[in-house]
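The values are calculated or read from the model by the stated rules, or taken from the named source; none is laboratory data. For clarity, every value in this text was computed on a predicted model and none was experimentally measured. With ideal geometry, Cβ positions are generated from the backbone for all residues, glycine too; neighbour counts draw on all protein chains shown.
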Amino acid sequence: MSTAAETTTTDAERAAGTAEAADGFEPDRATLAAVLAPAERPPRPSPLTASTVFGWRAMLKIKHVPEQLFDVTVFPVMMTLMFTYLFGGALAGSTSEYLQFLLPGIMVMSVVMTTMYTGVAVNTDIAKGVFDRFRTLPVWRPSAMVGYLLGDMLRYALASVVILTLGLVLGYRPDGGPVGVTLAILLLVGFSFAFSWIWTMFGLLLRSEKSVMGISMMVIFPATFLSNIMVSPDTMPGWLQGFVDVNPVARLVAAVRGLMNGNVEAGQLLWVFVAAGVLIAVFGTLTMRLYNRK
Amino acid sequence: MSERRGELAIETSGLVKTFGELRAVDGVDLAVPTGTVYGVLGPNGAGKTTTVRMLATLLRPDGGEARVFGHDVLTEADRVRSLVSLTGQYASVDEDLTGAENLILLARLLGHRKPAARERAAALLEAFGLTAAADKQVKNYSGGMRRRVDIAASILNTPDLLFLDEPTTGLDPRSRNQVWDIVRAVVAQGTTVLLTTQYLDEADQLAGRIAVIDTGRVIAEGTPGQLKSSVGSGSVRVRLREADHREKARQVLATRLGTEVALDADPVSLSARVPADAGGGPAERAAAALGELAAAGIVVDDFSLGQPSLDEVFLALTGKPTQPARSADDPAGATETSDRERSADRKETVA
């Protein structure tokens, strides 16, 4: 009996400072048998249910680690203020003029930049055993990945709203009205969902969080800066205009700007939809190949 | 589940997995009968985890065949997934979430509706002594609690086959016993359990049959009794009252046991391996030797007779010691598990 008492103290000592008070668990045969009795298994969940449950997991993680919302709250505010006051006077004569031009673009830039955290989240998860459990579940295979992205879409929406609010405070006035602005945010969040599949792929492909970050930067910086976000491409050299012209982020900016200014063209929207479809088809497929073979 | 009696839960033939140059699993044949605990025993890097991961559809075999209840792990992976559960070597639950959230999440993914999922989670937390910790994040759990919530997550739907990959590595003796009790309860309900372990006594306690794996191959298979008798030795350790008697005691033991006797670091103790031979089993021979010590006027304060250790099983089966040889001449082999192992070790120290 004395040994049992000793181990109890060790347990308690070990738990001191953690949530556990004392772990006096004695497995009870009858209780265990009762919970283990084979019961009828429920039918497997639909792809939608499985994906939303994984999305719920992302929400729970935000609840437990709210600091991770910094990148969609503080960061966008910084970006907006920085670029408005840095370039405003030089590029448009005044900061308020420039804000009219910049705001839709900086919104796209901030959100597209935060998409890369998806890859980091996927990568940190694989290193943990929980990923193995998800992969042995009899559910629709892409649901775990879709779940991450559903959680992230909330983050993207939050970032968009933060920037819009700040813009309105600083004097930005969208000619597209509430409808145009809402549609613009929906388009941005939807496109970011598609764009994020690039990161789920890298998250599964690369070995460490750092390499995921490194690659993400290498893709994101040219994709956002070499665009129509800060300046109109008119003064750029021809080859660069060529790049901006096919850069999906630039196309997205044009469509978002169009919606918020109330002068969107159908062609602009179509381009974004096609680009999003291609991104999902290519990177979604690659992601799932890696996921199944990991 | 009863119609499954007699059928094999797991059947593999010539299973191979290579990582670059290393053949981590090199032609493993297993036949695991339904409704039993089957132990896979071996040192780190032997290929235990890799084998389990292939059987659980997490890794694609590079050669050979593996069937779970007759379903091919490659071509019928989805069917296999609906029959098995895996509790990995490192917490297969989300440490950022609470115990209850983890179980509800997984119950939902297994198809339970929200109220049923909550109910099921609560019942399991209760049965596993985790009700008080239900709303705490798993990262704050002790090692034993973490293991329990992990196993609970594996039996949300009572699986036909449960993989437990080193379920007690790093646990204190009490938590280890709790896990053993749970494993016994699980198998009593008809679930087949495949358990990997580094400890012979664990396999001995739980498993009906054991396969010993080394460098990716099964080097012995049988019941725990068969395995131990194939090793045929135990170890005896004797502590004397007086250090002065040690040399004399060594001579007596060496003569009586017919084996080499080692002098331990402790100046009053000695130890020896006791082989079984014509003179009887290890216990019998050790008892006789102790009698002779008493007759020679040497006072023995304490003695213990141990089972053959995994090291001894290995030595007997392979003619080489377990750990150092493997990691020294095959550093690539160590990396397969060592990265994760290191992180697990780190966790242990934190906990």
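Can you pull out every residue in the range B:78-109 that is of a type in the set (A, V, I, L, M, F, W, C) and either facing chain A (nearest Cβ under 7 Å) or in contact (Cβ under 8 Å) with a residue 60 or more places away in the chain (or both)?
Selection gives B:L83, B:V84, B:L86, B:A91, B:V93, B:L97, B:L105, B:L109.
Just checking, which of B:R108, B:R113, B:R118 is basic (K, R), buried (at least 24 other Cβ atoms within 10 Å of the Cβ) and over 27 Å from the mean Cα position of the chain (by Cα)?
B:R108
Within the range B:34-55, count every residue that is of a type in the set (A, V, I, L, M, F, W, C) and over 16 Å from B:S13 (Cα atoms).
Qualifying residue count for the region: 3.
Residue by residue through the range A:36-53, note down the ones that are more than 8 Å from chain B (Cβ to nearest Cβ) and either within 15 Å of the chain's Cα centre (by Cα) or surrounded by 13 or more Cβ atoms within 10 Å (Cβ to Cβ) (or both).
Hits for the range A:36-53 are A:S46, A:P47, A:S51, A:T52.
When you scan the range A:276-294, how many residues do you find that are crowded, with 18+ Cβ neighbours inside 10 Å and under 18 Å from the mean Cα position of the chain (by Cα)?
Adding up the residues that qualify gives 5.
Specify which of the listed residues (B:T196, B:T169) is farther than 17 Å from A:T136 by Cβ and more than 9 Å from chain A (Cβ to nearest Cβ).
Residue meeting the stated conditions: B:T169.
Six or more apart or on different chains, Cβ atoms under 7 Å: show the pairs whose first residue is in the range A:254-276 and without any contact (Cβ under 8 Å) to a residue 40 or more places away in the chain and under 20 Å from A:A194 (Cα atoms) and whose second is among the small types (G, A, S) and in a helix (DSSP H, G or I).
A:Q268/A:A254; A:Q268/A:A255; A:Q268/A:G258
For the range A:234-252, which positions are under 28 Å from A:L183 (Cβ atoms) and surrounded by fewer than 18 Cβ atoms within 10 Å (Cβ to Cβ)?
A:D234, A:Q241, A:F243, A:D245, A:V246
Sort out which residues of the range B:185-205 are under 12 Å from B:Y38 (Cβ atoms) and surrounded by fewer than 24 Cβ atoms within 10 Å (Cβ to Cβ), and write them in order of number.
Correct list: B:V187 only.
I'd like to know if the range B:17-26 contains one or more residues that are charged (D, E, K, R), without any contact (Cβ under 8 Å) to a residue 24 or more places away in the chain and over 21 Å from B:V186 (Cβ atoms).
Within the range B:17-26 (the criterion being charged (D, E, K, R), without any contact (Cβ under 8 Å) to a residue 24 or more places away in the chain and over 21 Å from B:V186 (Cβ atoms)), the answer is no, since none of the residues qualifies.
Out of curiosity, is B:T75 in a loop (DSSP other than H, G, I, E, B), farther than 27 Å from A:M59 by Cβ, of a type in the set (V, I, T) and facing chain A (nearest Cβ under 8 Å)?
No.
A:V139 versus (1) assigned to a helix (DSSP H, G or I); (2) more than 16 Å from A:L166 (Cα to Cα): which is the lone unmet condition?
(1)
Taking helices (runs of 4 or more DSSP H) that do not extend beyond the range A:56-134, which have at least 2 residues that are modelled with pLDDT of 90 or more?
A:70-92, A:95-114
Under the condition of being crowded, with 20+ Cβ neighbours inside 10 Å and touching a residue at least 60 places away in the same chain (Cβ under 8 Å), which residue from the range B:4-16 is farthest from B:P61 (Cα to Cα)?
Once the filter is applied, the top-ranked residue is B:A9.
In the range B:201-230, what count of residues is obtained for those that are in a helix (DSSP H, G or I) and touching a Ser or Thr at 6+ places or on another chain (Cβ under 7 Å)?
So the count comes out to 2.
Those residues that are surrounded by fewer than 13 Cβ atoms within 10 Å (Cβ to Cβ) and within 10 Å of chain B (Cβ to nearest Cβ), I need them from the range A:54-76; list them, please.
A:K63, A:V65
Output the residue which, of all residues in the range A:147-159 that are crowded, with 22+ Cβ neighbours inside 10 Å and among the aliphatic types (A, V, I, L, M), is farthest from A:I126 (Cα to Cα).
A:A159
For A:F193, indicate whether it is within 27 Å of A:V162 (Cα to Cα) and free of Cβ contacts under 8 Å to residues at least 12 places away in the same chain.
Taking the combined requirement at face value, the residue does not satisfy it.
Matching residues to (1) at pLDDT 95 or above; (2) closer than 19 Å to B:A220 by Cβ; (3) away from every other protein chain (no Cβ under 14 Å):
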position: B:R4; (1), (2), (3): no, no, no
position: B:E7; (1), (2), (3): no, no, yes
position: B:S13; (1), (2), (3): no, yes, yes
position: B:T36; (1), (2), (3): no, yes, yes
position: B:L41; (1), (2), (3): no, yes, yes
position: B:K48; (1), (2), (3): no, yes, yes
position: B:R53; (1), (2), (3): no, no, no
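What number of residues within the range A:253-274 satisfy the criterion of being of a type in the set (A, V, I, L, M), surrounded by fewer than 19 Cβ atoms within 10 Å (Cβ to Cβ) and under 21 Å from the mean Cα position of the chain (by Cα)?
The number of residues fulfilling the criteria is 1.
With surrounded by 14 or more Cβ atoms within 10 Å (Cβ to Cβ), out of contact with any strand residue (DSSP E or B) (no Cβ under 7 Å at 6 or more places or on another chain) and under 18 Å from A:Y148 (Cα atoms) as the only criterion, which of A:L183, A:L188 stands out?
A:L188
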